[in-house]
Amino acid sequence: MRGRAVWAVLRKELRETLRDRRTLLVMIVVPVLLYPAMMVMMEQMAVFGQRSLEAAAVRVAVVNGPPGDEWLAADDVAIRTSRAETPPLGALRAAEVDAVVVFPEGAWREDDTNVVRIHYDGTRERSSYAHGLVQRRLAEWGDTVAAQRFRARGLPPALARPVRVEAESVASAEEVGGYMLGRFLPLLLILMTVLGAFYPSIDLAAGEKERGTLEALLTVPVPADHLVAGKFIAAALMGLTAAALNLGSMLLTFQAGVIQFGDAVDIQFQVPLRSVLVILAVLALLAVLFSSLFLGIAVRSHSFKEAQNALTPVYILSLVPAMLPMMPGLEFSTGFALVPVAGVGFLFRDLMSGSVAMGPAVVAVAATAGYAGLALVYAARAFGREDVLFGTGGGAAAPVRRRWFGPRADGAPAVPSATVALGLAGVCALLFFYGARPLGMRFGEAGILISQWAFLALPALLLVGAGRYSARQTLALRAPGGRALAGAVLVAAGGMPIGWLIAWLQGFVLEIPWEFLEAMQRMLAADSAGRLFWLLLVVAVTPAICEELVFRGVLLQGLRTRLSPWGAIAASALVFGAFHLSFETAIRLLPTAWLGLLLAYVVWRTGSIFTGMLMHLVNNGTIVLLLFAPGLMARLGEPGAPPPWLAVLLAPVLLWAGLRLLPSTPASEPPSTQM
């Protein structure tokens, strides 16, 4: 009975989905017709462009040239020369000539190097083409002149070329073609899989809510999980079908001989059938992942447009890891295999090139299957909540003017919404990204201090004031007890060694920029008590206040209006870790996210941002104090050295003791945008 019910729902959803012209366009028209036409057009345009450049002779002005233009071949019709007394650079800029060749003035030096200068306009293709053509002719003429010099002195011409390099690749034509396909085809496959599940997921969830048919469907005497299974399979099939059609169309386009330039350079675009089958199987997992994720997000929207706006950032973010396999120098490793989407892209790339590392491949498939399972659970839970399906709970009332710490009027929003909180974090990140470095370069460490207050604390306080939110609830301004403060210190002390361990373990996957870390160590080293207090103010006290106001204040409390406590804690930790990324290193993401997880949990349990500030102060201040201790950090900071194992072993004990001191239940109820 279960299978028949799911099949009935699946058939119904497939019929409705296939009636959508956008779905048919993305699934069939684009892959079946677009790729052959696009490839043929690109080839024809490339041939047409090359022929148009070669159709007419390039115009070259020659200054001080040898008589008769002996540097040109006698029958060279590709270059038309004209004489000039001085370099006509104005004519070159006006496109009256394509290049200017300037020979040295005076007598030609037979026993020395004569410099011939070529002027061209790099913004014009024809001028660049003329530059390359003239350079080849001059190089050929130079070889002729060198051979004449050697013969005049009774020397063999080969003496002028002591080394001749001949390169030969051991890769076959099929392997080269697979390598080239692996550089761009994985991104297109992932893109089309995501796009194939995009519109069907919106239509199966938010579309039905907007049309008013979801309520009628839920009245059918079929269990809700059967309905979810049918919708999920339909969306996954759409994504998988789109990816399969794209893969098949692109491979046929290349292998059917449509593209002719491959024959000229000895390239054959072929992918083994076994690799194609593996790619399709992994694409099925990817389709499950994105269809479930999209369904879970779309069902929380009230209209097709709202769902489209909510899913577009997710769609764009999924393309960022998909582009990693295209980057030069990145190899398929276990670390990349664990990254969602990126692991699949690396696997596809190596499958097409014919050399796959078995360990990372297994990890990538297993990780993708795990992510797909989590996304499926997420979608199932969303469809199992009546407030999500039927939109109970209404929106926020208009804000009412009030005092920050005084009595609040009924209906006034207590804290900003999750969207506003994430917006503040984004604004702070942009301000810090573009403003902190210039301030640091101009004012040194004082610039770092200014950045924290101007780009973090001030925007958070302005948001609370301008939005007339409750500062007490939005910033968690609650006085903690002594037990809570002691627990926070113990949790921070236990979390630091684990953070060091995480940083050390990820060093086996990501290269640690020791030069950057050593520069930071030199900057934070204190050689006097005054310097120590200044560094504690800049590195420990100020971030403990400013960063906590944003991440454990506005962000955490805002996320709790939309997510469960654990969801808000995890999301704020990830945002906190991402905020600390920089051009120099990516190794700070996981250790900082771990610290953010502990900070958010303690603030949630105690209901006080002051416990988070204390933990932040302890964490950063400990680093400064370790650097101040003679010889201690020199031993701990050796490249590749593991963290102190005694501290790692004591860390769980300290964590347990600290958590025991925290309140047994959260000190505050989940905040709401309504009061």
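Miscellaneous remarks
- Low-density loop cleavage sites - trypsin sites (Lys or Arg not before Pro) in the range 91-145, where at most 16 other Cβ are within 10 Å (DSSP): Arg109, Arg124
- On full extension, the segment bounded by Ala479 and Ala56 gains 144.0 nm, given 0.36 nm per residue less the C-alpha separation.
- Binned Cα-Cα distance frequencies in the range 449-507 - 10 Å width, integer %: 18, 23, 34, 23, 2
- Sites Arg109 and Leu330 - FRET efficiency at Förster radius 30 Å, r taken between beta-carbons, to 0.05: 0.05
- In the full protein context, the range 335-375 carries 34 Å² of accessible surface per residue, based on a 1.4 Å probe and ignoring ligands, DNA and RNA.
- Leu590/Thr86 FRET efficiency (R0 56 Å; Cβ-Cβ; nearest 0.05): 0.30
- Protein accessible area in the range 80-199, 1.4 Å probe - carbon and sulfur %: 53 percent
- Estimated FRET transfer efficiency when R0 is 51 angstrom, pair Lys305-Arg93 (beta carbons, to 0.05): 0.50
- Take the range 268-314 with all the other protein chains still there, run a 1.4 Å probe, and you get 41 Å² of accessible area per residue.
- Subtracting the Cα-Cα distance of Val116 and Trp656 from their residue separation scaled by 0.36 nm leaves 186.7 nm.
The values are calculated or read from the model by the stated rules, or taken from the named source; none is laboratory data. Computed from a prediction, not measured in an experiment: that's the story for all the values here. Cβ coordinates were reconstructed from backbone atoms using ideal geometry, including for glycine residues, and neighbour counts include every protein chain displayed. For the accessible areas, the whole protein counts, side chains as well, though only heavy atoms, and no ligand, DNA or RNA atoms are used. Shrake-Rupley method; radii C 1.70, N 1.55, O 1.52, S 1.80 Å.
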